[in-house]
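First up is the structure itself, then whatever we jot down about it.
The values are calculated or read from the model by the stated rules, or taken from the named source; none is laboratory data. Only a predicted model underlies this, so the values are computations on that prediction, with no experimental measurement involved. Note: ideal-geometry Cβ built from the backbone for every residue, glycine included; neighbour counts use all protein chains shown. For the accessible areas, the whole protein counts, side chains as well, though only heavy atoms, and no ligand, DNA or RNA atoms are used. Shrake-Rupley method; radii C 1.70, N 1.55, O 1.52, S 1.80 Å.
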Amino acid sequence: MNFIQLEEENEIECDAAAEKDYVTEAAKNAFGITYLYPWQRIVISNILEPNEDNNRQIVLLPTGAGKSLCFLTPALLLNGPTLVIYPLLALMADQKRRMEDGKLKCVVFKGGQTPEEREENFTLLGQGAQIIIANPEVLQNQNLVERLCHCNIQHIAVDEAHCVSEWGDSFRPSYLTLGNIIDRINPPVVTAFTATASPPVLSRISEVLFHGKSHVVKSDFDRPNIHYYVQNAYAKKRAAFRLAVTEQKPLIIFCGTRAKSEDMARELSEYMGSYKVRFYHAGLEREEKTEIEKWFYDKTDAVLCCTVAFGMGVDKKDIHTVIHLEPSANAENYLQESGRAARDGSIGKGILLWSPADSVHFSRYKNGSRERVMKEFAEAKTCRRQILLDALAGEQAACDGCDVCLNKKEADFAWDAELALKYIRSHRKMFDWRELSDKLLDLFNRHDEKRFGMHIWEGADIEQILFQLKRKRLIRVCLWPWFGKVDCSNKKQKPLPAAFYGRKWLYLQSLEIKILRFLSLYLFHSFSRSS
């Protein structure tokens with residue numbers, strides 16, 4: 001791979017007074033863009049004037065840097081259509097809307113279309129449609145690809161190209177066929193675009209799409225207008241609830257599963273109103289997704305609870321806060337998802353919720369792995385931003401936009417765990433597990449009632465806190481002579497093995513307590529009778 005590293009704008013000379021060229025004029029007329037950044041101009045130049053060194057290029061630009069302009073602007077000027085390959089139907093629909101707003105004629109090929117719809121698309125191509133939108137799955141249709149070979153395609157753009165590595169080797173093998181499809185169509189230029197790619201991912205993209213021979217255009221990864229925060233929490237759903245109410249909106253909460261996104265939206269809508277909160281995931285019907293995308297796009301005070309299905313979705317520029325209920329799988333994904341914030345250039349927040357259970361999970365990955373970076377990021381004592389950039393072999397950044405650099409210290413101990421521990425310290429050996437859960441539930445609800453005007457804590461939240469305190473050996477369930485009573489631990493002990501973490505362990509411990517209680521009562525009665 002040949003690299004070109006783009007540094008700061010002022011290092012690339014550009015006569016601003018003479019920028020009234022045909023490329024800028026095309027972008028202005030179609031999209032209202034009056035200025036193209038230096039890296040955009042280099043990528044566009046490689047597309048419009050390709051040579052053997054740059055006609056197969058990978059472009060790495062940060063989220064919100066205007067990657068789509070790099071292939072939409074040339075599409076206005078090329079003498080044939082541009083094929084754009086997207087990973088998600090939601091992204092295809094959103095980009096089609098943007099293209100049509102820019103007076104670009106486009107056609108969409110996707111699964112489930114009738115022969116008549118396909119023929120209509122080819123008729124439009126014959127009439128001068130400039131953009132072909134497709135996904136990898138529909139391009140598995142050999143007849144479709146054969147007909148596209150005769151459409152004089154001048155440029156193939158693969159958007160969100162990190163999916164080649166992230167998904168192609170797992171659940172979307174159609175991505176692995178794109179290299180062969182590119183060879184069959186054989187356009188003059190092919191460009192793969194992504195915002196986040198570590199060296200191994202970049203190498204895999206080049207291998208799959210370009211047989212290992214590619215030209216890389218790489219800008220700085222850093223988004224200095226996104227400030228990164230980590231909030232330690234033992235009851236993360238409740239922490240997300242509190243942040244969703246208090247942080248600046250529009251706001252996204254990334255949830256680990258479809259069920260969690262629906263559950264989070266349900267609880268928030270009960271407090272904020274259903275007109276302000278919705279959920280979004282891959283299990284929704286296309287019509288439902290489209291309706292939610294339109295609803296969210298125009299809102300300034302909305303909360304969207306979603307899975308990563310929205311991570312590459314609608315290009316809403318004024319999102320101010322991105323909360324992660326569960327950590328992303330790796331640094332690339334976290335940068336991609338948190339990069340939904342502040343695409344209008346304002347200051348945005350990326351807030352990661354982190355629990356002891358997350359620490360245990362990510363400790364299983366090897367040091368130096370892409371997954372392990374999330375633990376290093378969450379538990380950092382130095383700049384969080386630099387940890388993310390280092391994971392992508394990125395630049396050194398002067399940071400004033402993460403909580404470690406701003407506060408000159410690592411994240412505080414979880415406040416919910418601290419409140420529970422404080423109560424347990426002042427009521428040592430007074431309550432068993434169930435009694436303590438009830439007492440803490442009342443305590444936490446009274447704590448937040450003035451702020452939220454209602455009881456927001458549930459029994460499941462308290463159980464999460466107690467389970468994790470128990471696993472970290474910060475509290476213990478007493479045996480003799482205070483059977484089942486909960487106390488603070490007096491000495492530091494190693495955490496329990498992960499296999500014992502959860503309800504199974506508590507059940508076994510409860511069973512052990514009952515057996516010991518039975519034995520003690522049996523011995524007591526035996527001693528009484530003998531005496």
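List of remarks:
- Peptides 324-337, 109-122 ordered by average Cβ neighbours within 10 Å, highest first: 324-337, 109-122
- Over all orientations, the stretch 21-149 has a Cα convex hull whose mean projected area works out to 8.6 square nanometres.
- Nearest-0.05 FRET efficiency for Lys110 and Lys213, computed from C-beta distance (R0 41 Å): 0.85
- At least 20 Å along the helix axis (C-alpha) and Kyte average at least -0.5, DSSP helices within the chain: 503-530
- Out-of-range pairs (alpha-carbon distance over 21 Å; input Lys236/Lys260; Lys249/Lys409; Lys103/Lys276; Lys260/Lys450): Lys249/Lys409; Lys103/Lys276; Lys260/Lys450
- Summed over the residues of the chain and divided among them, the accessible surface reaches 46 Å² per residue at a probe radius of 1.4 Å.
- Here Tyr275 sits with roughly 140 square angstrom of accessible surface, probe radius 1.4 Å.
- Once the chain from Glu146 to Asp263 is taken as fully extended at 0.36 nm per residue, the excess over their C-alpha distance is 37.5 nm.
- The slack in the chain from Trp480 to Glu100, taken as 0.36 nm per residue of separation less the alpha-carbon distance, amounts to 129.3 nm.
- Here the accessible area is traced with a 1.4 Å probe on the protein chains. For the stretch 296-412, carbon and sulfur cover 50 percent of it.
- In terms of Cα atoms, the Rg and Dmax of the stretch 245-336 work out to 12.2, 34 Å.
- Area projected by the alpha carbon convex hull of the stretch 220-290, averaged over all directions, nm²: 6.6 nm²
- Amide H partners (placed H, <5 Å) of Ile58, local residues excluded: Ala192, His215, Val216, Val217
- Computed 3J(HN,Hα) for the stretch 186-197, one whole-Hz value per residue from the Karplus formula 6.51 cos²θ - 1.76 cosθ + 1.60 where θ = phi - 60°, is 6, x, x, 9, 10, 10, 9, 10, 7, 9, 9, 7, glycine and proline marked x.
- Working ranking of peptides 138-146, 194-202 by packing, defined as the average number of other Cβ atoms within 10 Å per residue, highest first, is 194-202, 138-146.
- The stretch 395-477 - Rg over Rh from alpha carbon coordinates, Kirkwood radius: 1.13
- Structure-based [θ]222 nm, the chain - -39500 (n - 2.57) summed over DSSP H runs of at least 4, per residue, nearest 500: -13500 deg cm²/dmol
- Counted residue by residue at 0.36 nm each, then reduced by the alpha carbon distance between them, the extension gain from Leu519 to Asp344 reaches 56.2 nm.
- Residues whose amide H lies under 5 Å from that of Tyr234, counting only those 5 or more places away or on a different chain, are Asp416, Ala417; hydrogens are built 1.01 Å from N in the peptide plane.
- Accessible area ranking (1.4 Å probe, heavy atoms, ligands and nucleic acids excluded), largest first, for Met272, Met92, Met454: Met454, Met272, Met92.
- A probe of 1.4 angstrom, applied to the heavy atoms of all protein chains, finds His211 with accessible area near 110 square angstrom.
- Nitroxide proxy distance, nm - points 7 Å out along Cα→Cβ at Ala460 and Asn186: 5.8 nm
- Accessible-area composition of the stretch 147-245, carbon plus sulfur, in percent [1.4 Å probe]: 52 percent
- In terms of overall dimensions, the C-alpha atoms belonging to the stretch 420-467 reach 32, 20, 14 Å along their principal axes, ordered largest to smallest.
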